[in-house]
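Following: one structure in structure tokens, then a few remarks.
The values are calculated or read from the model by the stated rules, or taken from the named source; none is laboratory data. Predicted model, so just to flag it, every value in this text is computed and none were measured. Positions of Cβ are backbone-derived with ideal geometry, glycine not excepted, and every protein chain shown enters the neighbour counts.
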Amino acid sequence: MEAKPSSSSPSKFVDQLVVPGDVILDLSNMANQTLKLGGGLRQDGDSICAMKAGKLRFMKPNKYWVESSQKRYVPSAGDNVLGVVVDTKPENFVVDIKGPALAFLPVLSFEGGTRRNIPKFEVGTLLYVRVVNANTGMNPEVSCMDANGKAAEYGILKDGYMFESSTGLSRMLLSSPPHPVLEGLGKKLSFEIAVGINGRFWVNASQSSTVILVGNAIQKSESLSLVQQKIYLEKLLKSIQ
Amino acid sequence: MQKEKECQVSYPLCLSLPFALSGPWCLTPRIKIFAIESSFQRSGCGDPLASSSGDYDYKLIAVVNWPEVLRHYFSVVTTVTATAAAAAAAAVSVAVVYRQVQFNFSFHFFDREKMEQRLASSLIMTVNEKKFIENALLSDIRVDGRRPFDYRNLTIRFGSEDGSSEVQLGQTQVIGFVTGQLTQPYRDRPNEGSFAIYTEFSPMADPSFEPGRPGETAIELGRIVDRGLRESRAVDTESLCVIAGKLVWSIRIDLHIIDNGGNLVDAANIAALAALSTFRRPECTLGGEDGQELIVHPPDVREPLPLILHHFPVAVTFGFIGKENTVVIDPTHYEEAVMGGSMTATLNTNGDVCAIQKAGGDGVLQSVIMQCLRIASVKAGDITSKIKNAVESYNTQRSLRKIKRHNPDQQGSSDVAKHHMERLTVGSDESGIGSPFNEHDKTNKRNSTLKGFSGGPASWDPYSSGVDGDALRTTLASRVTPLDKHKEESSPVNPETKPSPKSSDTNSLASTHEVGLEIQQSKTLKDAVKPKHKRRNKNAS
């Protein structure tokens with residue numbers, strides 16, 4: 001249990017850019033407090049310092065982590081990612097999820113999966129999977145079921161096109177309130193989109209031109225600020241009509 | 001977690017024992033052994049390549065590859081198991097196999113990790129992408145929104161040194177660097193210099209590029225660029241000769257690929273052409289006591305000379321995608337992974353086809369090839385004009401820099417000094433007025449804003465502290481024409497030696513030249529200054 005500390009204010013770096021080496025918190029004047037440190041932070045004796053460059057985020061009551069956008073993905077349990085099958089083995093499919101190691105998808109981790117109805121995925125199949133466990137040094141394990149054992153939208157994604165993005169853009173696309181460009185395009189065009197937190201997203205629509213438009217618009221809007229995104233969206237929609 | 005490892009072990013020793021019983025066996029069989037590890041313990045550091053840090057149990061299943069070996073082996077096994085002595089031999093053979101597997105374990109562990117890494121480093125394409133690219137092309141649209149015969153955005157930039165260029169074609173980035181060295185000529189070509197192209201595919205450009213020896217694509221790229229320049233005689237090698245039979249210039253073109261976004265050949269070719277156009281070699285004269293010594297003049301003493309390029313061979317790459325052989329120009333990284341074949345045509349604006357490269361891939365109809373060549377000649381014209389514009393603006397910038405550099409070095413006669421100070425204000429004038437260093441803008445702006453010139457020398461000019469702004473301003477106001485004349489004199493020096501005329505530039509220059517001439521005849525002091533300038537240029541060329 002955490003007792004009220006003498007200084008209960010969060011770090012002054014919250015929501016600001018930090019670089020490796022910045023001391024986020026000094027623990028010497030905080031007593032009896034439980035802190036949860038997420039990615040990018042490290043405890044160095046009496047101080048918490050940042051290891052990654054990015055924005056420091058804080059969630060009540062006690063979670064701190066550094067958020068940054070990269071092209072590479074570090075697998076962690078519970079993430080929904082887009083994977084590509086690169087190999088099939090007797091026990092599992094080998095799936096690439098843009099991480100340091102290839103992930104294994106056991107052949108039985110599908111809803112109602114038994115030895116008799118193993119799905120046949122050829123090399124290059126695009127799957128929407130969930131990361132079950134990802135320990136450092138081991139190949140991560142993914143699954144096409146949710147925690148309860150239901151299929152829940154996981155599985156093969158047919159047609160459409162997969163675009164590469166950074167992890168930051170994927171997080172933006174999944175955030176709420178929704179991404180302005182995504183929302184604006186969704187109001188005018190009809191398409192379906194699956195976003196993987198590993199820096200991949202898949203778009204499908206009835207027309208190829210719609211897919212290309214949506215994908216490129218999202219990719220280009222990554223570096224724009226909110227206001228710029230709105231302007232870009234307006235110009236884009238005007239050019240479609 | 002269970003992992004399977006494949007170890008390939010060839011062991012003539014193990015099988016020779018039982019085979020000795022069955023007969024002579026000249027081939028060493030290759031046997032696949034599946035070793036299943038059941039317990040897997042990792043140390044804390046988690047380095048996947050750290051071998052032998054865990055315990056591995058082996059379950060040996062020996063499966064023989066070759067059918068003949070299989071037949072023989074089974075026959076041997078039956079004979080082996082039949083006799084007691086042979087059974088011992090079999091046990092020995094199995095034990096030897098086991099040991100070899102243990103011995104080879106760490107080696108093959110690395111092998112599998114490498115296989116994983118190799119899989120990860122090659123581009124991973126989904127079936128969706130391939131189908132989508134082909135379908136989208138049926139409606140004439142490409143994944144980045146281009147039409148099938150559109151090029152990506154081309155930017156050509158130059159480095160601070162002569163002969164260095166950086167080309168960006170979409171996401172592809174190539175750096176070209178040209179250097180020259182004095183060497184002995186080849187025996188059969190005593191009057192000609194030589195040039196060579198070296199390519200380096202940086203591993204930063206693409207996960208599949210490995211450092212070290214150039215791979216197949218690197219060598220092919222070098223060959224295409226080389227053939228375009230050499231066979232078409234674009235680079236004039238005879239002008240590179242200094243002393244026939246003894247000393248010639250050897251030009252080395254280095255092409256570094258720093259980002260692979262597809263279509264490296266075109267970008268590398270443009271980088272080579274841009275770098276060659278801006279390269280300057282030092283001037284060499286024969287002198288010394290007996291007139292036989294070679295003096296290489298450093299660049300600040302004598303203006304270095306550009307290379308003579310007769311024409312610009314531009315490479316245009318086509319990709320053939322799908323069964324209907326849809327043609328796309330300038331394929332991206334993803335399109336290259338999907339395409340069935342590609343063709344590179346090197347042409348120049350005169351309509352000559354310098355080279356065509358089609359190395360394998362899908363077959364293409366002759367009519368398609370002719371159509372591609374026609375399209376390529378149009379694209380070559382576009383690219384050539386872009387390269388020429390970029391080179392021109394670089395050259396004018398360069399001549400501006402040379403003008404400013406003359407001021408502190410040469411404190412000659414008074415009118416020379418005045419002359420230089422005027423040129424200095426030209427330089428600072430430019431910086432004061434605006435950044436676009438274009439010949440048109442400069443002359444126009446100068447003419448229009450001279451009366452309204454209110455700023456002093458630019459603050460970034462390092463030599464501006466030694467110049468009196470007010471005095472120069474008055475001299476500037478009274479001497480409109482010499483500045484125009486000087487600008488014209490400095491820039492036509494380069495076109496004299498360059499084969500391609502700067503048509504657009506000379507037009508504007510001609511108009512100002514005429515203006516200058518009219519006012520010129522009334523003043524004689526300028527006539528005294530001008531010939532000196534001309535004389536210096538004649539020596540340099």
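Would you tally the residues in region A:100-111 being in contact (Cβ under 8 Å) with a residue 24 or more places away in the chain and part of a loop (DSSP other than H, G, I, E, B)?
Filtering region A:100-111 down to residues in contact (Cβ under 8 Å) with a residue 24 or more places away in the chain leaves A:100-106, A:109-111.
Then keep just the ones that are part of a loop (DSSP other than H, G, I, E, B); that gives A:100-102, A:109-111.
The total comes to 6.
Show the residue pairs meeting these rules: Cβ distance below 6 Å; 6+ apart or different chains; first residue within region A:85-99 and within 15 Å of A:C144 (Cβ to Cβ); second residue in a strand (DSSP E or B) and among the aromatic types (F, W, Y).
A:V85/A:F93; A:N92/A:F104
Within region A:87-99, can you find the residues that are part of a loop (DSSP other than H, G, I, E, B) and more than 17 Å from A:T136 (Cα to Cα)? So that I can check it myself, show each step before the final result.
Narrowing region A:87-99 to residues part of a loop (DSSP other than H, G, I, E, B): A:89-91, A:97-99.
If the condition is that a residue be part of a loop (DSSP other than H, G, I, E, B) and more than 17 Å from A:T136 (Cα to Cα), then A:K89, A:P90, A:E91 are the ones that fit.
Can you say whether A:E164 is over 15 Å from the mean Cα position of the chain (by Cα), within 14 Å of chain B (Cβ to nearest Cβ) and either of a type in the set (D, E, K, R) or farther than 25 Å from B:E335 by Cβ (or both), as far as the supplied structure shows? Before you say what the answer is, go through the steps one by one.
Details: over 15 Å from the mean Cα position of the chain (by Cα): no; within 14 Å of chain B (Cβ to nearest Cβ): yes; either of a type in the set (D, E, K, R) or farther than 25 Å from B:E335 by Cβ (or both): yes.
Considered against the rule, which asks whether it is over 15 Å from the mean Cα position of the chain (by Cα), within 14 Å of chain B (Cβ to nearest Cβ) and either of a type in the set (D, E, K, R) or farther than 25 Å from B:E335 by Cβ (or both), A:E164 comes out as no.
If you go through region B:164-174 one residue at a time, how many are within 14 Å of chain A (Cβ to nearest Cβ) and over 14 Å from B:Y334 (Cβ atoms)?
Narrowing region B:164-174 to residues within 14 Å of chain A (Cβ to nearest Cβ): B:170-171.
So of that shortlist, the ones also over 14 Å from B:Y334 (Cβ atoms) come out as none.
So the answer is 0.
Of everything in region A:103-151, what is more than 14 Å from chain B (Cβ to nearest Cβ) and acidic (D, E)? Give them in sequence order.
Passing the criteria: A:E111, A:D146.
Checking B:G212 against (1) modelled with pLDDT under 90; (2) within 14 Å of chain A (Cβ to nearest Cβ): exactly one of these is not met. Which one?
It is condition (2) that B:G212 fails.
For residues that are under 14 Å from the mean Cα position of the chain (by Cα) and in a strand (DSSP E or B), scanning just region B:180-204, find the one that is farthest from B:E238 (Cα to Cα).
Here the residue is B:F201.
Residues being buried (at least 24 other Cβ atoms within 10 Å of the Cβ) and not in a loop (DSSP other than H, G, I, E, B): count how many of those fall in region B:303-318.
Of the residues in region B:303-318, the ones buried (at least 24 other Cβ atoms within 10 Å of the Cβ) are B:307, B:312-318.
Of the ones still in play, those that are also not in a loop (DSSP other than H, G, I, E, B) are B:314-318.
Matching residues across region B:303-318 total 5.
Out of (1) under 14 Å from A:V142 (Cα atoms); (2) surrounded by 20 or more Cβ atoms within 10 Å (Cβ to Cβ), what's the single condition that is false for A:V74?
Of the numbered conditions (1) under 14 Å from A:V142 (Cα atoms); (2) surrounded by 20 or more Cβ atoms within 10 Å (Cβ to Cβ), the odd one out for A:V74 is (2).
Does A:L169 count as more than 14 Å from chain B (Cβ to nearest Cβ), part of a helix (DSSP H, G or I), in contact (Cβ under 8 Å) with a residue 60 or more places away in the chain and not acidic (D, E)?
Numbers: more than 14 Å from chain B (Cβ to nearest Cβ): yes; part of a helix (DSSP H, G or I): yes; in contact (Cβ under 8 Å) with a residue 60 or more places away in the chain: yes; not acidic (D, E): yes.
Answer is yes for this residue.
List pairs: first in region B:137-151 and outside any loop (DSSP other than H, G, I, E, B), second of a type outside the set (A, V, I, L, M), Cβ under 6 Å, 6+ apart or cross-chain?
Taking only residues 6 or more apart or on different chains, the pairs are B:L137/B:T326.
Could we say that A:V211 is over 29 Å from A:S109 (Cβ atoms), within 13 Å of another protein chain (Cβ to nearest Cβ), aliphatic (A, V, I, L, M) and part of a helix (DSSP H, G or I) here? Working first, answer last.
On the way: over 29 Å from A:S109 (Cβ atoms): yes; within 13 Å of another protein chain (Cβ to nearest Cβ): yes; aliphatic (A, V, I, L, M): yes; part of a helix (DSSP H, G or I): yes.
So A:V211 passes the test.
Take A:L56 and tell me if it is more than 14 Å from every other protein chain (Cβ to nearest Cβ), outside any loop (DSSP other than H, G, I, E, B) and closer than 29 Å to A:Q219 by Cβ.
Details: more than 14 Å from every other protein chain (Cβ to nearest Cβ): yes; outside any loop (DSSP other than H, G, I, E, B): yes; closer than 29 Å to A:Q219 by Cβ: yes.
It is true that A:L56 is more than 14 Å from every other protein chain (Cβ to nearest Cβ), outside any loop (DSSP other than H, G, I, E, B) and closer than 29 Å to A:Q219 by Cβ.
I need a count of the residues in region B:125-163 that are at positive phi and either crowded, with 21+ Cβ neighbours inside 10 Å or more than 8 Å from every other protein chain (Cβ to nearest Cβ) (or both). Steps first, please.
Initially, region B:125-163 is screened for residues at positive phi, giving B:140, B:145, B:163.
Subsequent filtering for residues that are either crowded, with 21+ Cβ neighbours inside 10 Å or more than 8 Å from every other protein chain (Cβ to nearest Cβ) (or both) retains B:140, B:163.
Number satisfying all stated conditions: 2.
Return the residues of region A:174-208 that are among the basic types (K, R) and within 14 Å of chain B (Cβ to nearest Cβ); say none if nothing qualifies.
We begin by selecting, within region A:174-208, every residue among the basic types (K, R); these are A:187-188, A:200.
A:R200 - this is the single residue of region A:174-208 that is among the basic types (K, R) and within 14 Å of chain B (Cβ to nearest Cβ).
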